[in-house]
Amino acid sequence: MTSRVLTGLLASLLLLVSGCKEPDGTSGGTSGVALYTFDSTTSEVFVWKDLNTVYDSTTTPAPSYQITSSLFSKVTNLAWGGLAFDSQRGTLYLVSDAGTIVRVSNIRAQSGTVPNGEVVSFSLSSTGRLTNGKFGQIALDASNDTLFITENGDNSTQIWVVAGASAQTQDATVTLQALTMSGDTGGTGVAAASGSVYAFFKDGGTVGIDALTGPRLRKGTASTFDPTRVILGDKTTLGVYGALAFDYGNGNLYVARHNTDASSTAQPIQVFTAGMFGSTYNVAPYKTLGSAASQADLRVLAHPGTKDWLVGLGTTASSTIYIWKSPLGGTDAKVVVVSPTASVFKGIAVDGNAS
């Protein structure tokens, strides 16, 4: 009896320890990571099977292969940050700035033209959209199969919540389920994992007894933001655009500031922990990184979730990719120009479970 109890306790402990690991049982490290981009000039998905190879390259590394589909023409005008990867289901999502979504299933096995049964396009409803609204960064919470898509209008902002994203059918129309905070504007960043949603807003109503205003980060769920879980104030050094990437294995939220538009000469990436939400509003990031000289125009960030990489794109939307290997270790990004050099990237995604 005692032996069976001890065995059960050991099994429970092992499950607890491995709770934040990826499906293949690995967590951390830098191996087994693939990189995905979408080239707006050719409407093709580019795939690099090994991010280490891209990082170590001394030339302009060409993709391992390209993926094509006639449906990709629907997202040629990709939203900024309009790529998201579901590492649990092996699915890639692409979203245009007009609200069209393309989903590619079985993406790790795709090469060349995607079979018709493994690629679908659907769209966000025209009902409920914002005045002159455009869509931006997207995020996929693999734990509950939910896609989040930012939208900005003339005077307001919202995040579209697409439940059951992997089950949406060809030509489906998604009814608005909005995640908002009254008064907030300029929502350009979103990240999600394990039921939690993080978002960046450029401005909004006053917060706290100090009546804090300006750029802010919020934490909530797919249905609501908790008004007490917000970070803002002069100590945060938050700024324009605020693209997000979430290392959910370690609970680190990366926030990119567009230094040029924010008139800043400080390091452009701030790092906050999930536990910092709710402690105090005006809190400094526990770490900053990036080069104010070479990354002053950051607009897109992506993280594989548990593996130790961070990648980014600038507003020039060129074939230049910023790659941080072990970003919290202090090493600056390597600036990699990939082939073909005429490519235009506005979205990037990382598969931390590629092998």
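Across region 308-333, the qualifying residues are those that are assigned to a strand (DSSP E or B) and open to solvent by 10 Å² or more (accessible area, probe 1.4 Å), and the one among them that is nearest to Ser40 (Cα to Cα) is Thr320.
When only residues in region 97-126 that are of a type in the set (Gly, Ala, Ser) and farther than 24 Å from Asn144 by Cβ count, which is least open to solvent (accessible area, probe 1.4 Å)? Ranking the qualifying residues of region 97-126, first place goes to Gly112. You will find that of Ser294, Ser264, the residue that is over 19 Å from the mean Cα position of the chain (by Cα), at pLDDT 95 or above and more than 23 Å from Gly28 (Cβ to Cβ) is Ser264 and no other. Could you please find all residues in region 292-304 being buried (at least 16 other Cβ atoms within 10 Å of the Cβ) and not hydrophobic (A, V, I, L, M, F, W, C)? Selection gives Gln295, Asp297, Arg299, His303, Pro304. Within region 203-255, the set of residues being within 25 Å of Ser326 (Cβ to Cβ) and of a type in the set (S, T, N, Q) comprises Thr236, Thr237, Asn250, Asn252. Taking first residues from region 43-66 that are within 20 Å of Gly352 (Cα to Cα) and partners that are at pLDDT below 95 and among the hydrophobic types (A, V, I, L, M, F, W, C), the Cβ contacts under 7 Å between residues at least 6 apart in sequence or on separate chains come to Lys49/Ala354. Exactly one residue among Gly239, Gly275 is out of contact with any strand residue (DSSP E or B) (no Cβ under 8 Å at 6 or more places or on another chain), outside any strand (DSSP E or B), within 24 Å of Ala302 (Cβ to Cβ) and open to solvent by 50 Å² or more (accessible area, probe 1.4 Å), and that residue is Gly275. So which residues in region 153-167 are assigned to a strand (DSSP E or B) and open to solvent by 30 Å² or more (accessible area, probe 1.4 Å)? Across region 153-167, the qualifying residue is only Ala163.
Each row is one residue, and each column tells you yes or no for (1) open to solvent by less than 20 Å² (accessible area, probe 1.4 Å); (2) under 23 Å from Asn282 (Cα atoms); (3) modelled with pLDDT of 95 or more; (4) in contact with a strand residue (DSSP E or B) (Cβ under 8 Å, 6 or more places away or on another chain).
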position	(1), (2), (3), (4)
Thr169	no, no, yes, yes
Thr185	no, yes, yes, yes
Ala192	yes, yes, yes, yes
Ile209	no, yes, no, no
Leu217	yes, yes, yes, yes
Asp226	no, yes, yes, yes
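Counting residues in region 49-59 that are crowded, with 19+ Cβ neighbours inside 10 Å, modelled with pLDDT of 90 or more and out of contact with any Phe, Trp or Tyr (no Cβ under 8 Å at 6 or more places or on another chain) gives one or more.
The values are calculated or read from the model by the stated rules, or taken from the named source; none is laboratory data. None of these values were measured; they are calculated from a predicted model. FYI the Cβ positions are ideal-geometry reconstructions off the backbone, even for glycines, and counts take in every protein chain you see. Calculation scope for accessible area: heavy atoms of the full protein, side chains included, ligands and nucleic acids excluded. Shrake-Rupley method; radii C 1.70, N 1.55, O 1.52, S 1.80 Å.
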